[in-house]
2 protein chains.
Amino acid sequence: MSAAVLCIGTELTRGELVNSNATWLAERLTALGFELREVATVPDSKPVIEQTLRRLGSNCQIVVCTGGLGPTTDDLTTACAARVLSVPLERDEASLQQIRARFTATGRPMAASNAKQADFPRGARILPNDLGTAPGFEARIGDARVFFLPGVPREMEAMFTTHVVGAVEDLVSEHLYQVRLRTFGLPESAVNDRLTGIERDAGVVIGYRAHFPEIEVKVLARGGDAAEAERQARDAARTVRQRLGEEVVFAEGEVPFAATIGEALTAKGRRLALAESCTGGLVGKLLTDLPGASRYFVGSAVVYSNAAKQRILGVPAELLEQYGAVSAEVARAMADGALNLYGADIGLALTGIAGPDGGTTDKPVGLVHLAIAVGGGTLSREVRFPGSRERVRVLAAYAGLALVRKVLARGTIDGVG
Amino acid sequence: MSAAVLCIGTELTRGELVNSNATWLAERLTALGFELREVATVPDSKPVIEQTLRRLGSNCQIVVCTGGLGPTTDDLTTACAARVLSVPLERDEASLQQIRARFTATGRPMAASNAKQADFPRGARILPNDLGTAPGFEARIGDARVFFLPGVPREMEAMFTTHVVGAVEDLVSEHLYQVRLRTFGLPESAVNDRLTGIERDAGVVIGYRAHFPEIEVKVLARGGDAAEAERQARDAARTVRQRLGEEVVFAEGEVPFAATIGEALTAKGRRLALAESCTGGLVGKLLTDLPGASRYFVGSAVVYSNAAKQRILGVPAELLEQYGAVSAEVARAMADGALNLYGADIGLALTGIAGPDGGTTDKPVGLVHLAIAVGGGTLSREVRFPGSRERVRVLAAYAGLALVRKVLARGTIDGVG
């Protein structure tokens, strides 16, 4: 089955934005068994949009079109679709109610221009949008079923999953099953090296996707029936897990890294407190991205100055003077301080040099000291990370959480570090 | 002048790789003054490549084509170009020598298949590649000058700069100038409504780009000379700023929102401390994304439980009991507590219900109380945000920082809130 993706937006044809929707849709349609004939990206231009819709409609069975459904004057997709279909636009009262309700619920006034988002080509199947104000629609153009979705990635992704997958998956005869494993702690080349030979031995395709700082390993099997494809993919995924180890493969599917730490803390009935210097709140942010974090996370003392480290966490002035703020000794004192301040069961501290400035020969940019305190003692670990300030901070946060996970798995701080 | 980009490679239409070449070329061609009619991405398929070359050749003046010049059997671009041009392939001995010399210099044996990279459509202008084995070429297809470049980004970028820029820049008679304004605080539709008429009155094009929670407003002017285009864009941008107000338009260009708060704090010589509940460290993370934040940011007390609010920030138990953790009274006590704990000049507190659970009729998901403490007193503000947990948290963080910015701009907390 031949498919195409059409992305509409002058911000894309001007190169102001990386077209992540195109990559995402191409990957999903491929995984569903479609062959993409084309990924077209066009500007907010009526003649170009209309010509492209006609062309793709006559060449493909499935077209997924994103963007241009917003309320502003440069959002042209719906009007272009109606012209290509030679039908008028009609306002859908139910959609208008929903858009209005969305604004009412949030206490914002609805602008006049938003009403336009309830207009659809006559006869189109309306696709509700649970996450935003722009509903999508489906229409037949030429030989193709064309799905019009908004350009905002999270809305587009949710609507693809809800409205498109079910509508098109029966068109494909081959069965695919994909297992996605999330890993942290090894570079892509090392992951690749450790998995050499599995593709050949297990008859699967293994793909890698860097999603900093994680590497996703995708194991794809194809089979005549669904059960066979699933069995094959699962068997190969088991081999992948064995080769990489459970510390590296932390989850399957969409589970965030922080969620696995939350699960481990919940399972052991422990509550975590943080002392963050170089990460500035990032670790707390990652833990509280997830609802229900208050079950295992009590708080974080972000201490961005030496004075705050002393005053709030009780780090002795002598330690700061003798070893400096970025040292194993201060990290341990910070972890202990957070444990006591919050009355938690485990304290995690992070102190480092995120850069780009502030590095010295002894303590270069990228140096981070991690420490963990439990009732009975502390452990520390020195790590060095490459790259930008952002990358150093994210790697430090992940490494800190990984250390908590390891201590929880072992049940002790002895021998970890 | 109308231009197009054509990227060839099944790895792109399968979504295995982000198409960074497309974004890079689109940006460069736009900066040179071209309007991109299309960015097409097609698989390694002879009929699709040939049809696409014919189509773009008849619609555009300039086409930049990347990929498919390698030595393997799925590299089809050169053969397809020859067929479209109805000319045979001819081996270029000078190019063959260069390819051979490249292998010799690096001590690798040259595979037989590499000789294919010295074949070009008869009459094509050969474009040497100083960084790799695949030379490019230029040919006229239909009305277009078509430049064929390799797909490896660094080779493609160097060859674009060396061979394409000089060849095409004289074709552009028009000059473009763009001003990009960053806004926060109004939904896209409201921004659009307030700017109605500027396009027509000022002879510019206004575009919008949602970059949650910010909306970027792009003002594009075209003129016969560069100075005229710039003047026109700057005049229109001034009108945009007036219509939206300086509280909404927080910066021009690439400046992060948190940086404007940092600048305002630095300008007034004030240091900020935070008390974060629902944001869990996100506000501290945003402030410390930027190097040098220690000049104006001392730390954040992330207090994710009532006990921590009492114990660390000294929030009175009676306030928590009487008003609840999500209340103006508790927010004020938290802000005051952070101010005192860190010895800062300004304290910002955020407490709210990020969801998806935990909402009640009185205190629904999305309700956030913000408070600011300065030496002389406190102010609070109640806000309600729509959307997911992630969106509520990001909106709360931005609203808190915006409140700090407002207080700094006024120089007092009186009348703010």
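The values are calculated or read from the model by the stated rules, or taken from the named source; none is laboratory data. Quick caveat: nothing in here was measured; it's all calculated off a predicted structure. Here Cβ is always computed from backbone atoms with ideal geometry, including for glycine, and neighbour counts include all displayed protein chains. Ligands, DNA and RNA are stripped out before the accessible areas are found, and what is left, the full protein with its side chains, is counted by its heavy atoms. Shrake-Rupley method; radii C 1.70, N 1.55, O 1.52, S 1.80 Å.
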A:THR104 surrounded by fewer than 17 Cβ atoms within 10 Å (Cβ to Cβ), within 14 Å of chain B (Cβ to nearest Cβ) and either of a type outside the set (A, V, I, L, M) or farther than 21 Å from B:LEU186 by Cβ (or both): yes
Hits in region B:102-130 - residues which are farther than 22 Å from B:PHE148 by Cα and among the aromatic types (Phe, Trp, Tyr): B:PHE103
Selection within region B:299-350 - among the aromatic types (Phe, Trp, Tyr) and under 17 Å from A:VAL298 (Cα atoms): B:TYR304
Residue among B:VAL315, B:VAL330 that is in contact with a Phe, Trp or Tyr (Cβ under 9 Å, 6 or more places away or on another chain) and β-branched (Val, Ile, Thr): B:VAL330
Some residue of region A:268-278 being away from chain B (no Cβ under 13 Å) and touching a Leu at 6+ places or on another chain (Cβ under 6 Å): yes
Residue count for region B:69-91, restricted to those that are in contact with a helix residue (DSSP H, G or I) (Cβ under 6 Å, 6 or more places away or on another chain), under 14 Å from B:PHE137 (Cβ atoms) and open to solvent by less than 40 Å² (accessible area, probe 1.4 Å): 3
Members of region B:305-325 found to be among the hydrophobic types (A, V, I, L, M, F, W, C) and either part of a loop (DSSP other than H, G, I, E, B) or away from chain A (no Cβ under 14 Å) (or both), listed by number: B:VAL315, B:ALA317, B:LEU319, B:LEU320, B:ALA325
Single unsatisfied condition, B:ILE346 versus (1) more than 31 Å from the chain's Cα centre (by Cα); (2) of a type in the set (Val, Ile, Thr); (3) within 12 Å of chain A (Cβ to nearest Cβ): (3)
Contacts under 7 angstrom Cβ, first residue in region A:69-92 being closer than 16 Å to A:VAL42 by Cα and within 14 Å of chain B (Cβ to nearest Cβ), partner in a strand (DSSP E or B) and modelled with pLDDT under 95, 6 or more apart: A:ASP74/B:GLY207
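Conditions tested, residue by residue: (1) among the basic types (Lys, Arg); (2) closer than 28 Å to A:ALA105 by Cβ.
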site: B:LEU341; (1), (2): no, no
site: B:ASP345; (1), (2): no, no
site: B:ALA349; (1), (2): no, yes
site: B:GLY352; (1), (2): no, yes
site: B:LYS363; (1), (2): yes, yes
site: B:ARG389; (1), (2): yes, yes
Search result, residues across region B:159-179 that are over 22 Å from B:ARG54 (Cα atoms), open to solvent by 30 Å² or more (accessible area, probe 1.4 Å) and not charged (D, E, K, R): B:THR161, B:THR162, B:HIS163, B:VAL165, B:GLY166, B:SER173, B:HIS175, B:LEU176, B:TYR177, B:GLN178
Subset of region B:183-195 (residues that are part of a helix (DSSP H, G or I), over 18 Å from B:ALA233 (Cα atoms) and open to solvent by 30 Å² or more (accessible area, probe 1.4 Å)): B:GLU188, B:ASP193
Region B:386-400: number of residues that are over 17 Å from B:LYS285 (Cβ atoms) and either in contact (Cβ under 8 Å) with a residue 24 or more places away in the chain or under 23 Å from the mean Cα position of the chain (by Cα) (or both): 2
Check on B:GLY57, modelled with pLDDT under 90 and not basic (Lys, Arg): no
Residue that is surrounded by the most Cβ atoms within 10 Å (Cβ to Cβ), among those in region A:17-54 that are among the charged types (D, E, K, R) and more than 7 Å from every other protein chain (Cβ to nearest Cβ): A:ASP44
Qualifying residue in region A:326-340 (condition: within 13 Å of chain B (Cβ to nearest Cβ), surrounded by fewer than 20 Cβ atoms within 10 Å (Cβ to Cβ) and at pLDDT 95 or above): yes
Count of residues meeting criterion [small (Gly, Ala, Ser), at pLDDT 95 or above and assigned to a loop (DSSP other than H, G, I, E, B)] in region B:341-389: 4
Residues within region A:362-417 that are within 14 Å of chain B (Cβ to nearest Cβ), open to solvent by 60 Å² or more (accessible area, probe 1.4 Å) and in contact with a strand residue (DSSP E or B) (Cβ under 6 Å, 6 or more places away or on another chain), tallied: 0
For B:ALA307: the one exception among (1) among the small types (Gly, Ala, Ser); (2) open to solvent by 10 Å² or more (accessible area, probe 1.4 Å); (3) under 30 Å from B:ALA409 (Cα atoms): (3)
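Condition check ((1) of a type in the set (Val, Ile, Thr); (2) in contact with a Lys or Arg (Cβ under 9 Å, 6 or more places away or on another chain); (3) closer than 30 Å to A:VAL205 by Cβ) across all residues:
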residue	(1), (2), (3)
A:ASN19	no, no, yes
A:PRO71	no, yes, no
A:THR77	yes, no, no
A:ALA82	no, yes, no
Pairs with Cβ under 8 Å, 6+ apart, first in region A:356-373 and touching a residue at least 60 places away in the same chain (Cβ under 8 Å), second open to solvent by 60 Å² or more (accessible area, probe 1.4 Å): A:VAL368/A:GLU382; A:VAL368/A:ARG384
